[in-house]
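Some notes on the structure that comes next.
Read-outs throughout are calculated quantities, based only on the coordinates presented, and are distinct from any laboratory measurement. Source: prediction; values computed, not measured. Reconstructed Cβ throughout: ideal geometry from the backbone, glycine too, with neighbour counts over all protein chains shown.
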Amino acid sequence: MTPAPFGARLDDVVVRFGKQRRMTAEGTTIKDDATTALDDVGLTVRPGVITGVLGRNGAGKSTLLSLLAAFTRPTRGSVRVGPDGLMEDPWENPWVTANVQLVRESGDLQDDEKVSESLKYYAALRPNWDADLAERLLDSFEVNPRKKPAALSRGKRSAVGATIGLAARAPLTIFDEVYLGMDAPTRYAFYDEILADYAEHPRTILLSSHLVEEVARLFEDVIVLDRGRVLLAETAEEMQSRGFSLTGPTAAVERLTAGRRVLHRQQLGATAQVTLEGAPRDGEAAEARAAGVEMGVLPLQDLFVRLTQRPDAGPDEGAGR
Amino acid sequence: MTVATWPDRDAFAADAHHRAVRHVTRTFAGGTLIIGSWYWGVFLLITVAVPLVVHAFGGVMDGGVATGLEFSARWYVFSMGAVLTVMTVVTHLAAGGTRRALRSGTLRASGVAGVANGIAFVVVLVVERAVFGAVGWGWEPVGIGLASFDGGWAVVTAVSEALVSAIYLLGGVAVVAGYQSHGLWRGTLLVVPALLLLFLADVTSRTGAGEAILAGVAGDIGTTAPAVGLVAGAAVLALAVGAVHLQLRDLRLRPTR
């Protein structure tokens, strides 16, 4: 029996970690929260789609994903995970935890045992574990399961994590930056495996990443977090309709850009590329074509950078890359 | 076929829980029995070989090799509880197991390991007595704190050692779970109540380092009736289960980056 794809719903979720002592202006010492990882987060993860979870370092991505897999619990608010109509609190709930696979970059392996021993543990607990797929993927990623995790490179450990995520065939599969250690060919092989397996075994997949440009093609929905808050949670299509790009001769591009909010600008010789906020005006596409300017879709990365840009960002940070 | 109804959901959840409990039990009990078979195997060999060698060279032993058994046998079980928890806890939760399954599995494993240790302890004593008898030496039993050396000593000692071993294994689990749940400083503070449990296990069984410490501080406190000792041991076991429950119930996996 395979459960239907799982979705998730978070309402008013706050997660705080730790306490710290702080001196007030009056000189008294008070104890308050050290870190608010998630602050009043409310969002819905649609079942059966691939959702990208984007955010800068410390945005709260890992904390959000940990809540869904019951690795941690919210300080306040409600987390519900499950198929449509059967969503439940995941904490200590085997119905949810056995159907949610969160893979972190570490792979959560048994460090002092061979990789094959960790895989046996996953196989024993995961009701839909596909041992043949696991074997094929390890072979394809050139990972020797007889080695201990400590003897593997960071990339190979990531590949083991990716293997676990795919072979678990969980109705909610979450990859938390699991591919950071992989080299480019391995990452692309992994993305292809995700799409192929997703087509064959539909489920909900959540991917968090810094490599926005690389993974954007996979997303059907996108969640953008910044400093513990949800900046945006919508379909990739809606997100792309928030802007568009123009590429062509600098003068023509500048003329078409006049009066619009520029999200990103890039210059290469006489050619300019700008990313603009909002939808094209009536007749703007024809005008651009006539001027030799190509109109394109909004690159997700540009919108992401713009949304998460700090007001005090320097030249190397934010939209002005 | 997809699961979409409550009866399916309940059956799935129950199966997932039992599957996780079984695997934890197998991991902890299996690991402890494998290491235990080496420990007891080597100890048994020494128990037989040393008196025979000493006898062959014309010597006489005042006490048997098993004198140290009551001290060392329980600490290897404690170590196994700690080591296996370190190895397992993160993978278990990442593989979809619950903290409740981890607690139930370690509890069952402590029962299996305890019974095995209790039996092995008595077997070593019986073998040593036989070897000493064979070479014509007198033999004084050690580590049978609750029993007088009569017909029932073997059963009482086996049960008592089983309780002590189970408590020590759970003590190891509680210590590591404390570190995992509360971090370095609070985890270290929580070692104290865990050690107190081990002390109580020693005192109620009238064996081990705890009993030696108590005897040093309080002097001779007489004997304890076997039934009283075993009931008290069972109560300490219940406390150990409670300690594991407290340490595991809110265990959170920390970010790995």
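The mean sequence separation of alpha-carbon pairs under 8 Å and at least six residues apart, normalised by the residue count of the range A:118-246, gives a relative contact order of 18 percent. The mean of 1/r over all distinct Cα pairs in chain A, once inverted, gives the Kirkwood hydrodynamic radius of 21.6 Å.
For chain B, the Kirkwood radius over C-alpha pairs fed into Stokes-Einstein at 4 °C and 1.567 mPa s yields D = 66 µm² per second. Note: relative contact order over the range A:7-238, using C-alpha pairs below 8 Å and six or more positions apart, is 26 percent. With Rh defined as the Kirkwood radius, the inverse of the mean 1/r over Cα pairs, the Rg/Rh of the protein assembly as shown is 1.12. Between the beta carbons of A:Gln240 and A:Ser78, assuming R0 = 30 Å, the FRET efficiency works out to 0.45 to the nearest 0.05. Counting beta carbons within 10 Å around each of B:Val217, B:Val231, A:Val115, B:Val65 and listing the fewest first gives the order B:Val217, B:Val231, B:Val65, A:Val115.
Taken over the Cα atoms of the range A:141-189, the convex hull encloses 80 Å³ per residue. Once the chain from A:Asp183 to A:Ser140 is taken as fully extended at 0.36 nm per residue, the excess over their C-alpha distance is 14.1 nm. Here the scattering of the range B:97-169 is modelled by Debye summation over its C-alpha atoms, one equal scatterer each and no solvent; at q = 0.19, 0.26 Å⁻¹ the log10 of I(q)/I(0) is -0.76, -1.09.
Per-residue shielding of A:77-84, expressed as the average number of other chain Cβ atoms within 10 Å of the residue Cβ, stands at 1.
For every helix of n ≥ 4 consecutive DSSP H residues, a contribution of -39,500 (n - 2.57) applies; sum these over chain B, divide by its total residues, and give [θ] at 222 nm rounded to the nearest 500 deg cm²/dmol.
Helix contribution divided over all residues of chain B: -28000 deg cm²/dmol.
Mean per-residue shielding of peptide B:84-94 is 6, counting Cβ atoms of other chains within 10 Å of each Cβ. D by Stokes-Einstein for the range A:63-171, Kirkwood Rh over Cα pairs, 37 °C, 0.692 mPa s: 224 µm²/s. Each of A:Glu88 and A:Ala258 was given a label point 7 Å from its Cα along the Cα-to-Cβ line. The distance between the two points is 6.4 nm.
Peptides A:193-205, A:222-234 ranked from most to least packed, by the mean per-residue count of other Cβ atoms within 10 Å: A:222-234, A:193-205. Footprinting exposure proxy ranking of A:Lys147, A:Lys120, fewest other C-beta atoms within 10 angstrom first, gives A:Lys147, A:Lys120. Here the contact order of the range A:241-307, divided by its residue count and restricted to Cα pairs under 8 Å and six or more residues apart, works out to 45 percent.
The P(r) of the range A:207-281 has a tail past 22 Å containing 36 percent of all C-alpha pairs. Could you name the aspartates and glutamates in cross-link range of A:Lys148, using Cα to Cα under 15 Å and dropping any fewer than eight places away on the same chain? Result set, ordered by chain and number: A:Asp108, A:Asp111, A:Asp112, A:Glu113, A:Glu117. Taking the Kirkwood radius as Rh and the Cα radius of gyration as Rg, the range A:48-101 has a ratio of Rg/Rh equal to 0.97. Cα-based radius of gyration for the range A:241-307, normalised by 2.2 N^0.38 Å, reads 1.00.
Please state the shape class of the range A:196-250: rounded when a/c is under 1.5, otherwise prolate if a/b exceeds b/c and oblate if not, all from the C-alpha gyration tensor. It is oblate, given that a/c is not under 1.5 and a/b is not larger than b/c.
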